[in-house]
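No value in this document is a laboratory result; all are computed from the given coordinates. The structure presented is a predicted model; accordingly, all values stated were derived computationally and were not measured. Counting neighbours? That spans all protein chains shown, and the Cβs are built from the backbone with ideal geometry, glycine included.
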Amino acid sequence: MAILLTVLVYCVYAAFCWRVILHSLIWYRATGGTRQVAALSRLEALRAWVETAADVVLFRRLFHENGLLWISAWIFHISFLFVVVRHLRYFMNTVARCIVDLQTLGLIAGYILPASIVSIAFVRMAGREKYVSRFNYFVLGLVFLIGVSGIMLHVFRVDLVGVKEFVLGIFTFSFRPVPHSPLFIVHFLLVLILVLSLPFHLFIAPVIMHEARRRESELKRLLHGK
Amino acid sequence: MESERGQKAIIAQNRRSRDSRDAFGKTLSSLQLMELDACTQCGQCLRHCPVQDVTGNPSISPPEKIRVFREFIKATEGLKARLFGKGVDPRLIADFSKAIYECTTCGACGQNCSVGIFTQRLWPALRREMVRRGLGPFGSQAEIPDHVLKTGNPYNKPVDERFSPWFPEGMKVAEKAEIGYYAGCTGSYSAMPMVKGDVTVLDAIGDPFTMLTAEEEVCCGFPLFITGQHDLLRDLTKRLVGAYKAKGVKTLLCSCPCCVNIMSRDWPAFYGSDLPFRIRHITQFVAAAVRAGKLTFTEGMKERIIYHDPCYLSRGVGVIEEPREVLRSIPGVEVLEFEHHGLESRCCGAGGAARKTFEENASAMARLTIDEAVDKKADRLILSCPACYATVNEAMEGYEKQVRITDIMELVSGVIRRR
């Protein structure tokens, strides 16, 4: 079982890396040109960067569109971040102090995460013009199940030392047995599916958000500059 | 201009139907491909889509178009697609093509996008891909390149009728001048009061201005660009830019938002460098003239008027305040606003060259504009785009709600002191 799961992990990460490379290749090979129509001053460029940072961290564009969806989505992403940070202890031989300090917050975030997904789903489906694709349902459902199975692992106490040895073993190529917990295996497999299907906007949206801010400054100059 | 036969051959070659396994997205820029990946599919843009307002069909919604196009790329790119890919069902591509041409490309979705995708340029890029695959353009749009080649305008109207029906008799146009005026095809053939108003106001301001002859003033390329038919664009741009440069033009004025949009945003790319003159919308020039005291009004008018922002002028190039400044400067006029105005303006249905191919949608959207103008008890609906002018006028025919439609320069030309 350990070997099977380990091979699966390597395959999933290889597929993920290939996906990133393929997307990068597609972007690189593009032939259509994009031309900046008005150069920005240093101050405008700096403002665009600052506004982008605020957009990325605070989801400001979504806030202007839909307050309810914004609060749900923001809590979801922040919870997800804290949960990921909490899980870093499984990947470090010596756990850093800051990671230890964030364990309780990570645990609380673990409980909030499924609730925020329910909230997102509710807002998305209750809207006048609702748009939810099958992929949306799939990813939301997947993260919900990961969250719930994670909470159950905390409630029913899995062998944490065994989990850490198994995970570290994968990354150090010194394979260890899988903890005897069907719940852990389910949780682990669901995470692998998530890695395979991570929405690509997570990686590229900040670039487009910056481009949008730059374009806003450009618009002011397009027909009004010298 | 290259020979007509050569141009036709290029067009025919590019229209040839392509293999469904041919990779998608080849005509897009890197940034546009990233934009496709950046869409979070949050669906908030649907609330702002004017086509959704009148069709309620989610398959032509912005996130669905992006999702489907991503699927096309996935099905035709990469090792898996090459080894096991069956390509994309041609019927699916045809449905997508219809959806992409039903859009008015007004850009309201991008303006309100939670990521900030520039849809006013993304949709035309996807249309270009459809043309490359022989699945676009739609209906009469396919005739535009031939019409432009033959007559210089997309409507196949005679060259000698470009200026003669509306150009005021006796008005002088300088042979060479720093101010150039481009009337545009839609204004010249479909919205004559508008272009007549333009030259009347320019004449009243008193600065010498020049124009190209009816033979020289060809299409700016916007109808070709917006329908994804790029073959003639470089040639048209170089021809027009060269002609204005030869006349010593330093500022090129135009009242058509679509022309102004492509001139300022895309002409430099097609021309290959920065333009030798600056582009300005006519309201910018007129507002400056009013401020400088070069243009005065003979009389006021006690009217409540409502101004509709054309999508390509407000969201497209950021001209929002100047038309209002001009209107407010007319004594006695009360300027009303639509609920959605400025950067948030609602498309009247004329955009995206869809008004002739999806007439019902265009008419329904235009009637929503008329409804709001009537509900706000406006005496006049002021437009500043020939396509909006033509569409709203057409939608008014046989409609129970009526409002007087006037172009902004047509209105101004009626109340100014002439030289």
Nonlocal amide H pairs with B:Ile416, under 5 Å, H built at 1.01 Å: B:Thr298
Using a 10 Å cut-off around each Cβ, can you sort A:Tyr28, B:Tyr101 from fewest to most neighbouring Cβ atoms? A:Tyr28, B:Tyr101
What ranking of A:Asp101, B:Asp95 emerges when the number of other C-beta atoms within 10 Å of each C-beta is taken as an exposure proxy, fewest first? A:Asp101, B:Asp95
With +1 at each Lys and Arg Cβ and -1 at each Asp and Glu Cβ, the charge dipole magnitude of the range B:236-281 around its Cα centre, to the nearest 20 debye, comes out at 160 debye
Using alpha carbons only: equivalent-ellipsoid semi-axes of the range A:1-139, gyration tensor based, whole Å: 31, 25, 21
Karplus-derived HN-Hα couplings along the range A:92-97 (A = 6.51, B = -1.76, C = 1.60, θ = phi - 60°), whole Hz, x at Gly and Pro: 10, 5, 10, 6, 5, 4
Choose one of A:Ile3, A:Ser149, A:Ala109: the residue whose Cα lies farthest towards the positive end of the charge dipole of chain A (beta-carbon charges +1 Lys, Arg; -1 Asp, Glu; about the Cα centre). A:Ala109
Here the alpha-carbon Rg of the protein assembly as shown over 2.2 N^0.38 Å rounds to 1.10
Please find, in a Gaussian network model of chain B (springs between Cα atoms separated by less than 10 Å), the residue of B:Cys45, B:Cys256, B:Cys220 whose mean-square fluctuation is greatest. B:Cys45
Signed unit charges on C-beta, dipole axis of the protein assembly as shown, positive-most listed residue A:Leu198, B:Pro323, B:Gln41: A:Leu198
Comparing A:Met92, A:Met209, A:Met152 in a Gaussian network model of chain A (Cα, 10 Å), the one with the largest mean-square fluctuation is A:Met92
Computed about the Cα centre, the charge dipole of chain A from +1 Lys/Arg and -1 Asp/Glu charges at the Cβ has a magnitude in debye, to the nearest 20, of 580 debye
Show me the helices of chain A, taken as full DSSP H stretches, that run 20 Å or more along their long axis by Cα and average 1.6 or above in Kyte-Doolittle hydropathy. A:134-155, A:182-196
Positive dipole terminus of the protein assembly as shown, leading residue within B:Ala373, B:Leu336, A:Ala14 (C-beta point charges): A:Ala14
Using a Gaussian network model on chain B with a 10 Å cutoff between Cα atoms, which of B:Arg67, B:Arg355, B:Arg162 fluctuates the most? B:Arg67
Chain B - charge dipole about Cα centre, Lys and Arg +1 at Cβ, Asp and Glu -1, debye rounded to 20: 1060 debye
